[in-house]
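Heads up: the structure comes next, in structure tokens.
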Amino acid sequence: VQLQASGGGLVQAGGSLQLSCAASGFAISNYARGWFRQAPGKEREFLAAISWKGDSIYYADSVKGRFTISRDNAKNTVYLQMDSLKPEDTAVYYCAADRWGRATSDRRAYDYWGQGTQVTVSS
């Protein structure tokens, strides 16, 4: 399984971006999917997760109400809509997939990771 994250870029504070993460290799519609980020000098941080059915969704408190995770199983793709972006959201954003299908914030549960996409929010 390969995960390809895209959609990062430079945006002003208050702006929006949508990240996408497409899976290839084989269908992983029954995998849970998650988004994490890592800023320089910091630990990788959980952001959002969605179960394979889409009926369980979790967010980190730091992004709750601003970020929205969704998935399109027909396209093997998960999305992260990011609104009201802040300079502290600047980081490399990673998508991940968990074969057990249940949404979780535990990064150790994820089996596959994308290569990361840079998001930079200017003040």
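Residue-wise test of (1) closer than 19 Å to ASP98 by Cβ; (2) of a type outside the set (Lys, Arg).
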position: LEU3; (1), (2): yes, yes
position: SER6; (1), (2): no, yes
position: GLY9; (1), (2): no, yes
position: LEU19; (1), (2): yes, yes
position: ARG33; (1), (2): yes, no
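Inside segment 4-59, residues that are more than 19 Å from ALA74 (Cα to Cα), out of contact with any strand residue (DSSP E or B) (no Cβ under 7 Å at 6 or more places or on another chain) and of a type in the set (Lys, Arg) make up a count of 1. Considering only residues that are in contact with a helix residue (DSSP H, G or I) (Cβ under 8 Å, 6 or more places away or on another chain) and modelled with pLDDT of 95 or more, look in segment 40-61 and name the one that is most open to solvent (accessible area, probe 1.4 Å). So the residue we want is ARG44.
Would segment 8-20 turn up any residue that is modelled with pLDDT under 95, at negative phi and surrounded by 14 or more Cβ atoms within 10 Å (Cβ to Cβ)? No, segment 8-20 contains no residue that is modelled with pLDDT under 95, at negative phi and surrounded by 14 or more Cβ atoms within 10 Å (Cβ to Cβ).
For SER123, the stated conditions do not hold, so it cannot be described as within 14 Å of the chain's Cα centre (by Cα), small (Gly, Ala, Ser) and open to solvent by 50 Å² or more (accessible area, probe 1.4 Å). The set of residues from segment 25-39 being over 16 Å from ARG107 (Cα atoms) and either among the hydroxyl-bearing types (Ser, Thr, Tyr) or open to solvent by 70 Å² or more (accessible area, probe 1.4 Å) (or both) comprises GLY25, PHE26, SER29, ASN30. For segment 62-88, name all the residues that are under 11 Å from GLN18 (Cβ atoms) and open to solvent by 30 Å² or more (accessible area, probe 1.4 Å). Of everything in segment 62-88, those that are under 11 Å from GLN18 (Cβ atoms) and open to solvent by 30 Å² or more (accessible area, probe 1.4 Å) turn out to be THR68, SER70, TYR79, GLN81, ASP83. Selection of strands (runs of 3 or more DSSP E) fully inside segment 20-119 by the criterion of at least 3 residues being of a type outside the set (Phe, Trp, Tyr) returns 32-38, 45-50, 67-72, 77-82, 91-98.
Yes/no per residue for (1) more than 17 Å from GLN115 (Cβ to Cβ); (2) out of contact with any His (no Cβ under 7 Å at 6 or more places or on another chain); (3) free of Cβ contacts under 8 Å to residues at least 60 places away in the same chain; (4) among the aromatic types (Phe, Trp, Tyr):
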{"site": "LEU3", "(1), (2), (3), (4)": "no, yes, no, no"}
{"site": "GLY9", "(1), (2), (3), (4)": "no, yes, no, no"}
{"site": "GLY34", "(1), (2), (3), (4)": "no, yes, no, no"}
{"site": "GLU45", "(1), (2), (3), (4)": "yes, yes, yes, no"}
{"site": "SER84", "(1), (2), (3), (4)": "yes, yes, no, no"}
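The values are calculated or read from the model by the stated rules, or taken from the named source; none is laboratory data. Since the model is a prediction, treat every value here as computed from it, not as a measurement. Positions of Cβ are generated from backbone atoms using ideal geometry, with glycine treated the same way; all protein chains shown enter the neighbour counts. Note: areas computed on protein heavy atoms with side chains; ligands, DNA, RNA excluded. Shrake-Rupley method; radii C 1.70, N 1.55, O 1.52, S 1.80 Å.
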